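Shown next, in structure tokens, is the structure this report addresses.
The values are calculated or read from the model by the stated rules, or taken from the named source; none is laboratory data. All of these numbers come straight from a predicted model, not from anything done at the bench. Cβ sites come from the backbone with ideal geometry, for glycine too, and all protein chains shown count toward neighbours. Keep in mind that these areas ignore ligands, DNA and RNA; they rest on the heavy atoms of the full protein, side chains included. Shrake-Rupley method; radii C 1.70, N 1.55, O 1.52, S 1.80 Å.
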Amino acid sequence: MKTNSFFAKGRALPFSLKPNAEVEQNTPFFRSTIRINSFGYRDVEFNREKAPGTFRVLCLGDSFTFGSGLELEQTYPKQLETLLRERLPGRMIEVINAGFASGDTADAAYLYLKNEGMALNPDFVFLGFLPRGDIDELMERDAARCQFDADGLPTRIRAKRFDEYFNPKQAQPHIQVPLRFRITRGLRDAMPWWDKFLTVLDTRFPILRKRASVGHDWLPGMSRVFQTGAYSPEMTRAWAYFEKLMVATRDLCAAQGARFTLMVIPSNFQCGASYWSELGRGVDAGVYEAARPQAVAREIAARHHIDFLDLLPSFRAHPDVRLFFPIDGHINADGSRVAADTMAARVMSFIPAEAAR
């Protein structure tokens, strides 16, 4: 069913994916076809009931997991599926892409798992966590937007304004490029300066920044997680909420014998010193620490014995390969391959050698 949007209003979550929707994503940076299956996942059709002997991996996350700008087979969940089938010949392997189906924040992922995800009986659950966006969103959680249980865990999350992010007239959320920047695709690699320009506007002229926005929240609007020194009380509360969510998510998985891995997805400006230094021009680079959110997440995982996977070293190991779409900032097919390789190695490390034969 071809439509202008693959989003629908959610019940417990801020949004859901429209079953059987088909959308053509066409931006100055990429073109792709999005197809949603009958269950509301960006994936092929699958049986909710796991077949005997099947090893099932469930990937939670936002648009990076969903695969904005990519064909389905290029997304990291499906590349992971291919790699695991190669490394585990003879075994039934399923990797389900629950990106966006599980919301786009850590609390939505927890709620999705509780209400729906664990019914899929996964053996391995990855949460793709993007600190730049996730923690900033968690700072805005309050009684006006969420309902909580007695333990302070969410039972319902409302969108700020449904049409603010998911305008039915737009196939791709968050990307609203002014006409003067709808240049030919052949020139798109010449545009990284735009990110730096937005950074300067963010810091010195925040009102002008809103008018110049391409729809993404660039530094420093989303950069408070990268600041050195003491976090603000609001940021501290957001990290504490995130920590509570990770413990609850771990427990949900453990109750059914599934392994849970918190996986941190890097932002493009974290993956190269030259790019980070470019962003630092016009702002006080001394107040930013590129890998700080990874360190905080790692400490949380260690405190609660949660398996932790940081993709940043893997991405930094490929300095000569473009792993992100220009301006848009999502990982491209090569970036998804790097993520899938790292994830596959982690999965294989937990499978007994005799079972892998």
Filtering chymotrypsin sites (Phe, Trp or Tyr not before Pro) in the range 304-357 by DSSP loop and by at most 16 other Cβ atoms within 10 Å leaves Phe350
One would report the Cα pair-distance distribution of the range 25-170, bin width 5 Å, in %, as 2, 9, 16, 21, 20, 15, 10, 5, 2, 0, 0
What do you reckon, how do Arg237, Arg337 stack up by accessible area (1.4 Å probe), largest on top?
-> Arg237, Arg337
Compare the peptides 297-305, 142-150 by average per-residue count of other Cβ atoms within 10 angstrom and give them in order, highest first.
-> 297-305, 142-150
Roughly what would the spin-label model give for Thr33 and His318, points 7 Å off Cα along C-beta, in nm?
-> 2.5 nm
Using 0.36 nm per residue of separation minus the Cα-Cα distance, give me the extension gain between Ala302 and Arg48 in nm, one decimal.
-> 88.2 nm
Each label point is 7 Å from the Cα along the Cα-to-Cβ direction; what then is the distance between the points at Asp251 and Ala119, in nm?
-> 2.2 nm
